[in-house]
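The values are calculated or read from the model by the stated rules, or taken from the named source; none is laboratory data. Predicted, not measured: the structure shown is a model, and the values here were computed from it. Ideal geometry is used to build each Cβ from the backbone, glycine not excepted, and the neighbour counts take in all protein chains shown. Just so you know, the surface numbers come from the protein's heavy atoms only, side chains and all, with ligands and any DNA or RNA stripped out. Shrake-Rupley method; radii C 1.70, N 1.55, O 1.52, S 1.80 Å.
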Amino acid sequence: MIILLLGAPGAGKGTQAELLARSLKLKHLATGDMLRAEVKAGTELGKLAESYMSRGDLVPDDVVIRMIESKLKAADARNGALLDGFPRTTAQAEALDTGLARSGLRVDRAIYLAVSEEELVRRMLGRGRADDTPEAIRRRLVVYRAQTEPVIDYYKGKGRFTEVPGEGAVEDIQKRLARAAS
Ligand code: ADP
């Protein structure tokens, strides 16, 4: 079972994905978390990624695709994975489909967590992460509209797509997601 959680930066994907992965017994794969771990460890990949992340830009497709593919191949993810923060471009979505097809797998559900722009900005300013400066937040939203919104249309066109309202109490949103994933 492969589930994608799509949504804008600040939509709450991380919080909800962790809960949902636990209850569905799926491996939670979050590209943002992976990249932050690389930055923290001071790896070459981390050094490259940091410059993009601090500006609010996307890390280049080839880097992120290689990173997620190696995690998806691991035994624990093969039984089922919940992808959070990936794919973020149509090139990533196409690479994911191709990679999964090679293993006889496919995206079973693409769930879009919908949150208004006003609320997104409020949440990002509130969480105080290193890359949550006002300039980077503004840039992330511009990049999201240009590069990631087309991914939503990509999955809408293929079916197996559900939109879930992402505002309200964490546990209410989680219930909606669990329903959408079933
Ligand atoms: P947010 O909630 O702001 O979307 P994430 O933790 O998902 O935070 O991602 C943080 C940053 O990591 C992004 O702004 C981007 O620079 C980089 N990143 C994460 N996932 C991807 C991806 N799939 N492709 C390119 N860059 C990514």
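Data table
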{"read-out": "Flag for residue 21 being open to solvent by less than 50 Å² (accessible area, probe 1.4 Å), within 11 Å of the ligand (Cβ to nearest atom) and in contact with a Leu (Cβ under 6 Å, 6 or more places away or on another chain)", "value": "no"}
{"read-out": "Qualifying residues in the range 128-138 (those that are more than 9 Å from the ligand (Cβ to nearest atom) and in a helix (DSSP H, G or I)) - the one nearest to residue 87 (Cα to Cα)", "value": "138"}
{"read-out": "Failed item, numbered, when residue 104 is tested on (1) in contact with a strand residue (DSSP E or B) (Cβ under 6 Å, 6 or more places away or on another chain); (2) part of a loop (DSSP other than H, G, I, E, B); (3) small (Gly, Ala, Ser)", "value": "(1)"}
{"read-out": "Qualifying residue in the range 69-80 (condition: under 21 Å from residue 54 (Cβ atoms) and in contact with a strand residue (DSSP E or B) (Cβ under 7 Å, 6 or more places away or on another chain))", "value": "no"}
{"read-out": "Selection count, the range 169-182, where residues are open to solvent by less than 60 Å² (accessible area, probe 1.4 Å) and over 18 Å from the mean Cα position of the chain (by Cα)", "value": "1"}
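Listed here are the residues, each with its yes/no results for (1) closer than 21 Å to residue 1 by Cα; (2) out of contact with any helix residue (DSSP H, G or I) (no Cβ under 8 Å at 6 or more places or on another chain); (3) at pLDDT below 95; (4) within 13 Å of the ligand (Cβ to nearest atom).
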residue	(1), (2), (3), (4)
29	yes, no, no, yes
33	no, no, no, yes
38	no, no, no, yes
44	no, yes, no, no
49	no, no, no, yes
56	no, no, no, yes
69	yes, no, yes, yes
73	yes, yes, yes, no
79	yes, yes, yes, no
